[in-house]
Amino acid sequence: MKEKFEYRPEDIEQKWQQRWDSAGIFHAEPVSEKPCFYLLEMFPYPSGRIHMGHVRNYSIGDAYARFLMMKGYNVLHPMGWDAFGLPAENAAIAHGEHPRVWTERNIEYMREQLKSLGYSYDWRREFATCDPEYYRWEQEFFIKMMEKDLVYRKESLVNFCPDCNTVLANEQVEGGCCWRCGTEVEFRRLPGWFMRITRYADELLESMEELREGWPERVLTMQEHWIGKSEGLEAEFPVADSDLKIRFFTTRPDTIFGVTFMAMALEHPLVEEVSRVGGKEKEVQRFVSESLRKRVSGEMDEALEKEGVFTGAYCINPLTGERVPIYVANFVLMEYGTGAIMCVPAHDQRDFEFARRYRIPIRLVIQRKSEPLREDKLEEAWEGGGYLVNSGRFSGMESEAAKDAIIRYCEENNMGKRAVNYRLKDWGISRQRYWGAPIPVIYCDDCGTVPVPLEQLPVKLPDNVEITGKGRSPLAAHPEFVNTTCPRCGRAARRETDTMDTFVESSWYFLRFASLNNENRPFDTDEVHRWMPVDQYIGGIEHAVLHLLYARFFTKVLRDLGYINVSEPFKRLLTQGMVIKDGAKMSKSRGNVVDPDDIIKRYGADTARVFILFAAPPERDLEWSEAGVEGVYRFLQRVWRVVNVLNDRVLGSINLEEGEAGKEFVNLRRTVHKTIKEVTEEFLTRLHFNKALSHLMVLLNELNRIAETQKITTTGDREAVHEAVECFLKMLAPFAPHIAEELWERTGGKGFVSIAEWPVYNESLIKEEVIKIPVQVNGKLRGEVEIPVNAGKDEAFEMARTVPRVQRHLDGKEIVKVIFVPGKILNIIVKSQ
RNA sequence: GCCGGGGUGGCGGAAUUGGCAGACGCGGCGGACUCAAAAUCCGCAGGGGAUCCCUCCCCGUGUGGGUUCAAAUCCCACCCCCGGCACCA
């Protein structure tokens, strides 16, 4: 008897995991009558063990998935492994273990961890991105993209992490440091492969409109910002006494009459020639190399002074015919626009600061409408709008109109054209590493760069490599890999030894998951179209611009290559907050890591899941609390005890009177149906499971009270209790599935509660005939009154004025007004006589 | 600097078409059970004051104003915290 009331998660959790598994109840059906729902959580990198961030991510997803299954959806809820990447290689360097072995072992272990948490995945769909059967399709996409000029090779100045010994994309540089290891990034000139994401910049921006409903606003703004579209004028000014021209981009063509100098980036290809025209090659060269040195050594971080050097040469501003000096300046970015700018110190703060420093004239050409600006009294640039002055034929125009007029004027006179610029740059995907998908290209001395023929795919990663972390990448040092024959001419040739950025794998894995039958193809198109787009995607905010932007881009590319007809991969996105402890992110170096295994061992998976869902709403950061975990464990113990007690009571209730439920039991039913309403609501809207769980706790408290104080005397009573327990277990199942299954079985439930039908509430049972509403006098709470639910204003007022405390406040006062909001409040306004 | 998000008891958090602020949980206090403790169960609890066992009053959602019968919620100004971007021409 005693044991029966003891909750022992270790006795039940594995049992149910096995039963679910052998019954295959979480399999997504490729063909089904039911409505389909694709629920995806970001798949993990197999780093060794799962951490609390994973538990949070996957517990949120699992609760939702289980709810949807109970709601009658055919739910696709897959899991797999983002298995390529640097840590595998670093582990190899440190311990001499092969990355594949290391990765596979980690996957084995982490899979068991996920299974021990009882997640409802369709494990048949599991794969790892390091499987040649996966990455070979990526190689195919790469080749098809080559044909469409969506991928190309060029030499460029790249971000290079000396520690990881590899190139980083712009998005992977955080504050000048490597996003993964934190080492300061260097600039190197290297050849590499690029994906033409800029060709999709506009579409990526425009189709964001479809995502407005389902994505957090801040993710969209971050992407918008990242793409950084701006419109303006691209023009060129001739360099005096030469044939040279300097191209520049500006968003402020309306200020073009205020140009008093030009500035070029340090790396601008014309720096040398221009300074030769000006006769100041030496000075310029010295300045350039000194500034570049500073940049690399990081001396220019925060308080960077704007510095520059006069090249001795002048540009002619064709609109004014004036000569303006050309500078080379450290604040001009080579990566943006054309690497050169027109400078208008009166109307651009940066130009203003530079002009002050080098005593360059400042000319006012935009006059604001409020307090007029005085050219000789400017303390800072005026970057706002106004009307044009000192601007020839354009003087007097509004700046917005002038932008347009000046662009058109330039176009008519062949000086420039309307142009759009993006902050977004093409995606450099070459990595000088071993543990990644090989780029399927062969270099032939005669035929040049030749794609590997499709029938020769996959280009497999060789296993017998030596990984030292020093010198060239292991593939480059592997003759059997490098040396091959040219597919065109058959002569000796060399393979590309760069591998692809691992963000390429994660840019289409959701398509592979959606397809169960992948014989000789990346995925089954029909199956993919049945599921895509992902209805709900869940993952960390840290991928707001990296993974989420690449995946959007890749989806569009695959559409244009004819693989799919989907344009956006993720309809709705939930970005969950971090799990923190002692106010900081869990990290080994901080020593504040809580290991999921420990928690599961001590309290069971259900406690871990419920705690992590209960402690905070999903998008907010979650502070880990040992005491909170204990509290949740107690809750589950109470669930165990109360349900068992009530079950005994129901089974033991013989010789009952036929009849309606008693008052207490009617009240219980009301609580039950209210709870169904509230919990269901959370699943259908915000996924704030902390609130759903608190409602379940209220219901349990009620059940406990009933168990302690009430006797079942009628069949109606028994029905009410039975309904309450049944509904409670069903609603608990998405959060704490193991205990719910066990109790479901013990209380005589049929089949698995995990796929039982989600309860539906009955509105008429929730409604009360008599309700209490608060009564205010002059806006201050003075009591409450019980009134019939359909009472009118007058009736409510008459009843309220009999409440002694209310009466006291009305005494001797004149009643000015009575405000009655049915079901909410009664407010009596009085005034002293 | 710019763009987002946020500021509610000792703590995590509820309450957003304006309508009883603090649900639920943690921690705390008191009680029951026990030889005792743990566990469990029951009860109390925003702050201050008056009253003296019946209660009653005032104050309270970052700060200061405003709109309203009524504001955590709406408007204006400001402060602080977190995240992102940061010479993007």
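The values are calculated or read from the model by the stated rules, or taken from the named source; none is laboratory data. Since we're looking at a predicted model, the values are computed, not measured. Cβ: placed from backbone, ideal geometry, glycine included. Neighbour counts: every protein chain shown. Just so you know, the surface numbers come from the protein's heavy atoms only, side chains and all, with ligands and any DNA or RNA stripped out. Shrake-Rupley method; radii C 1.70, N 1.55, O 1.52, S 1.80 Å.
Descriptive notes on the structure:
- Above-threshold pairs, the threshold being 28 Å between Cα atoms, out of A:Lys306/A:Lys377; A:Lys229/A:Lys280; A:Lys71/A:Lys750: A:Lys229/A:Lys280
- With every protein chain in place, the range A:230-421: carbon and sulfur % of accessible area (1.4 Å): 47
- Over chain A: helical MRE at 222 nm, DSSP H runs n ≥ 4 each giving -39500 (n - 2.57), nearest 500: -11500 deg cm²/dmol
- Checking the cross-link pairs A:Lys663/A:Lys730; A:Lys148/A:Lys425; A:Lys148/A:Lys556 against a 20 Å limit on the alpha carbon distance flags A:Lys663/A:Lys730 as lying beyond it.
- Label sites at A:Glu305 and A:Val420, each approximated as a point 7 angstrom past Cα along Cα to Cβ, lie 4.1 nm apart.
- In the range A:1-51, the ratio of gyration radius to Kirkwood radius, Rg to Rh, stands at 1.14 when only Cα atoms are counted.
- In order along the range A:184-195, the phi-based Karplus estimate (6.51 cos²θ - 1.76 cosθ + 1.60, θ = phi - 60°) of 3J(HN,Hα) comes to 5, 7, 10, 9, 9, 9, 9, x, x, 9, 10, 9 Hz; Gly and Pro are listed as x.
- Spin-label pair A:Ser653-A:Arg590: with each label point 7 Å from Cα along the Cα-Cβ axis, the two points sit 5.1 nm from one another.
- Rounded if a/c under 1.5, otherwise prolate or oblate - the range A:688-797, Cα gyration tensor axes: prolate
- Per-residue accessible area (protein heavy atoms, 1.4 Å probe) orders A:Asp446, A:Asp131 as A:Asp446, A:Asp131, starting from the largest.
- Relative contact order for the range A:596-766, counting Cα pairs under 8 Å that sit 6 or more residues apart, in percent: 30
- On the basis of the beta-carbon distance and an R0 of 56 Å, A:Ile93 and A:Leu561 show a calculated FRET efficiency of 0.90.
- Normalised by the number of residues in the range A:497-597, the average gap of Cα pairs under 8 Å and 6 or more apart makes the relative contact order 26 percent.
- Three-way shape label, the range A:319-424, alpha-carbon gyration tensor, a/c 1.5: oblate
- Mean Cβ neighbour count within 10 Å, used as a protection proxy, ranking A:397-406, A:352-361 highest first: A:397-406, A:352-361
- Relative to its Kirkwood radius, the Cα radius of gyration of the range A:375-441 gives an Rg/Rh of 1.34.
- Value of Rg to Rh for the range A:545-631 (Rh from inverse mean 1/r over Cα pairs, i.e. Kirkwood): 1.18
- Distance-filtered residues of the range A:531-561 - backbone nitrogen under 18 Å, label point 7 angstrom along A:Glu29 Cα→Cβ: A:531-532
- Label point distance in nm, A:Glu210-A:Asn704, each placed 7 Å from Cα along Cα→Cβ: 4.9
- Accessible surface, chain A, averaged per residue in Å² (probe 1.4 Å): 45
- Of the trypsin sites (Lys or Arg not before Pro) found in the range A:666-751, those that fall in a DSSP loop while having at most 14 other beta-carbon atoms within 10 Å are A:Arg686, A:Lys711, A:Lys750.
- Each Cα pair under 8 Å and six or more residues apart adds its separation to the average, and for the range A:770-832 the resulting relative contact order is 38 percent.
- Rounded to the nearest 20 debye, the dipole size of chain A about its Cα centre is 1260 debye, using +1 on the Cβ of Lys and Arg and -1 on the Cβ of Asp and Glu.
- The alpha-carbon atoms of the range A:230-421, seen along their principal axes, cover 45, 36, 28 angstrom, with the largest extent given first.
- Hull volume per residue, based on the alpha-carbon atoms of the range A:596-766 and their convex hull, is 115 Å³.
- Each Lys and Arg adds +1 at its Cβ and each Asp and Glu adds -1 at its Cβ; summed about the Cα centre, the range A:230-421 shows a dipole of about 360 debye.
- Per-peptide average of other Cβ atoms within 10 Å, ordering A:215-221, A:363-369, A:651-657 highest first: A:363-369, A:215-221, A:651-657
- Cα gyration tensor category, rounded, prolate or oblate, for chain A with a/c compared to 1.5: oblate
- Across A:Lys677/A:Lys772; A:Lys767/A:Lys813; A:Lys245/A:Lys417; A:Lys154/A:Lys417, pairs whose alpha-carbon gap is larger than 24 Å: A:Lys767/A:Lys813; A:Lys154/A:Lys417
- Only Lys, Arg, Asp and Glu carry charge here, each on its Cβ (+1 for the first two, -1 for the last two); on that basis the range A:329-380 has a dipole of about 180 debye about its Cα centre.
- In Å, descending, principal axis extents of the Cα set of the range A:11-145: 48, 47, 25
- When the range A:655-735 is described by a simple charge dipole with +1 on each Lys and Arg Cβ and -1 on each Asp and Glu Cβ, the residue from A:Gly716, A:Thr675, A:Ala692 located farthest towards its positive end is A:Ala692.
- Extended-chain gain in nm, criterion 0.36 nm per residue less alpha-carbon gap, A:Glu814 and A:Ala240: 197.7 nm
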